[in-house]
Structures are given as structure tokens and as C-alpha cells.
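The values are calculated or read from the model by the stated rules, or taken from the named source; none is laboratory data. The model shown is predicted, which means the values in this text are computed figures rather than measured ones. Cβ: placed from backbone, ideal geometry, glycine included. Neighbour counts: every protein chain shown. The area values use the complete protein model at the heavy-atom level, side chains included, leaving out ligands, DNA and RNA. Shrake-Rupley method; radii C 1.70, N 1.55, O 1.52, S 1.80 Å.
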Amino acid sequence: MKPVRHFLDISELGERDLRAMLESARDLKRRWRENDRPRPLLDMVLATIFEKPSTRTRVSFDVAMRQLGGHVINLAPGDMQLGRGESVADTARVLSRYVDAIMIRTTDHAKMLDLARHATVPVINGLTDRTHPSQLMADVMTVEEHLGPISERTVAWAGDGNNMACSWIHAAARFGFELRIACPPRYRPPEEVIDWALAHDARVHVVDTLDEAVRNADCVVTDTWVSMSDERVRTGDVDTTALEAFRIDARAMTLARNNAIFMHCMPMYRGREVSVDVADGPQSVVFDEAENRLHAQKAILGWCMT
Ligand code: CP
Ligand code: NVA
């Protein structure tokens, strides 16, 4: 029997599989536009569990399943026995008897790993407090659409060293691009993620200032300063003053290369992590990035389920 193919993190997958998924995403995007619409997941069912809000992840996985011939059952945690104390392990075993794959967005990375440990169908990470790998597949696809092979490019990340930053670090190791990360000391990505990247010969550099990160970069990326599972929201400590110096604005973009692109996984908070003119300016590719979630999700589903 074929081993179960989970999509848990970019760091858990090899470059060959990741590249195959990107190829497939590109191919499916082109074919859909040419009205060539294969249905490899005919009658298959994906269960989605969202412990946190979502627009892009929810809709892109749902539409991806439908366009590939399958169906989605959305499970709100409050409507499941999981919300009343049934174990993750039992939930995983039971769902595996009904559906062909499970996608989960959770506040707790360990819960996703637990689900995968006990599921006998593929589990897909739809964002945790630690990482957001399905977004990164769309992001790498978007960089390559605009700028060619990402291995020849430099990406600058500025702001909070959050779940997106961690997945960018994983991607830098797997896809071979240079990544410069600028965060205030308190907001640096977890040391173990940086250590993992360095142990995998990744060209990842943590720098102190925004200017060091963006100078001559090909792609400038940021994300919200306050993530959904941010501990600061729970404790009421949402002072983001230290992040002000890391806002992406027109001045920062002039330091990057002339043809540099601006990316953001969205939702985007204009006037905070990015200025309005950059968010809505000619270098911004955020809506291409959002669209590519659909094509990348199809490729992930196909890789996991066929
Ligand atoms: N980028 C992203 O994951 O968006 P949602 O939170 O809307 O799914
Ligand atoms: N870092 C953000 C990403 C949202 C898609 C969060 O976790 O809220």
C-alpha cells in the first residue's frame, strides 16, 4: 500500500515533490483557462476544519476540490464532538473512514501533527500558529510567474517573525533562494527554525534593519503585525510600536530592485505593515498571489490524494 502523503510543512517535503506540485499548479492553471478541465478527484471528499477565520484558504480549497471533481465537508469545531472533548486521535480515525483527506487550520501546530499521526488519509496544513505552507506554494509560484526561477532571486521579509516567516524560511532552504529577514528583536522567528535552515545550507540572513533586508531585493514581503493566534491578542498587549520601523512603504520599495514585486498573503492592513500606495501600487502582486492559492491548492490536493 502507498504511504499516506501528508502536506504538513515545506520542511517535511523534498525538493522533488515540491517542484512537482509547482509544475502541476502551473499546468492546471493554464489548462483551466484553455477550458481543459480534468477531474482527477471525481467523487472524492475533503473534510475541512477551521478553528480560526479564513477567506482565501477556505474558498480556494473548496473551489479547488469542486473543480477537480470532488466535494468538501466543512466542519466547524463547535459542531463536532472534538469541540466537546473527543480526542484528536479518535476524530482522525473516524474521519479517515469517511473522507479522502482532511485540511485543518488550527491554533495549535501540535494538534495538526496529532491529527496526521492518527489519520489514515492525507492531512493538509491550512495554517497553524507555527507555519502556513499551502500559502508558500502559491507564493513561490507567484514569484516565478513574475520573475523567473526563484533560486536566482532575493526575497526580503520585514515585520513579525510569524507563521508566514517560518514557512518562507523553510521555502528558502527547499527552493534555494536568498532570504533576508528584518524584525525587531522581540519579533524574530523562532531560533530553532533559523537553526534548521542554516543546518540545511539555506541562504537565510536575519538582519537588524528594514533597509538591509530590502536593498536590491527582487521581492519584498510582509504580513500582519498581529496574527490570529498571537499571544499578544490574548494578553491585550498589542503595542506594535517596535514594528513601525519595518513598514513597507514607497521609500523601502525604492531600495529594492526596479522591477521588484511586493507580496502579502492577506488579509492586509493598509497603513500598518504596508502603506496604501505600495499595497495598491504597480509593484504589488497580492491579487495574483491570492488567485494562485486556488491553483496551488489543486496541486497539493492532487499530490496528496492521487
Ligand atoms: N492568506 C490566507 O491564508 O488568508 P485567509 O486567512 O483568508 O485564509
Ligand atoms: N500570520 C497571519 C496569516 C494570515 C493568513 C495569521 O496567522 O493570522
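Counting only alpha carbon atoms, the long axis of helix 163-175 and the longest principal axis of the chain meet at about 90°. Computed from the C-beta positions of I73 and M1 and an R0 of 22 Å, the FRET efficiency is 0.35 to the nearest 0.05. When a 1.4 Å probe is rolled over the protein heavy atoms, the share of accessible surface on region 1-105 that falls to carbon and sulfur comes to 48 percent.
What the phi angles of region 289-306 give under the Karplus curve with 6.51, -1.76 and 1.60, with θ = phi - 60°, is a coupling list of 4, 5, 4, 5, 3, 4, 5, 5, 5, 4, 5, 5, 4, x, 5, 6, 10, 10 Hz, glycine and proline written as x.
What does the charge count around E289 come to, taking other residues whose C-beta lies under 11 Å from its C-beta (Lys +1, Arg +1, Asp -1, Glu -1)? Once all neighbours under 11 Å are counted, the net charge is -2. About its Cα centre, the dipole of the chain is roughly 900 debye, where the only charges are +1 on Lys and Arg Cβ and -1 on Asp and Glu Cβ. Relative to the Cα centre, the charge distribution of region 21-157, modelled as +1 at Lys and Arg Cβ and -1 at Asp and Glu Cβ, gives a dipole magnitude of about 180 debye. Restricting attention to the chain, the count of lysine pairs at 8 or more positions apart or across chains with alpha carbons under 25 Å apart stands at 6.
Spacing of the modelled spin labels on A199 and F287, each 7 Å from Cα toward Cβ, amounts to 4.3 nm. The gain in end-to-end length when the R39 to A242 segment is fully stretched comes to 68.2 nm, 0.36 nm per residue minus the alpha carbon separation. Each of Y187, I49, V285 was scored by the projection of its Cα onto the charge dipole of the chain, and the greatest displacement toward the positive side belongs to I49; charges sit on the C-beta of Lys, Arg, Asp and Glu. Comparing mean-square fluctuations of D27, D129, D100 from a GNM of the chain with C-alpha springs under 10 Å, the top value falls on D27. By the helix-only formula, in which each DSSP H run with n ≥ 4 contributes -39500 (n - 2.57) and the sum is divided by residues, the chain has a 222 nm mean residue ellipticity of -12500 deg cm²/dmol. Of the residues S96, L68, M80, the one whose Cα sits farthest towards the positive end of the charge dipole of region 25-126 is L68 (charges of +1 on Lys and Arg Cβ, -1 on Asp and Glu Cβ, taken about the Cα centre). Taking amide H as placed 1.01 Å from N in the peptide plane, I261 has its amide H under 5 Å from the amide H of C219, V220, each at least 5 places away in sequence or on another chain.
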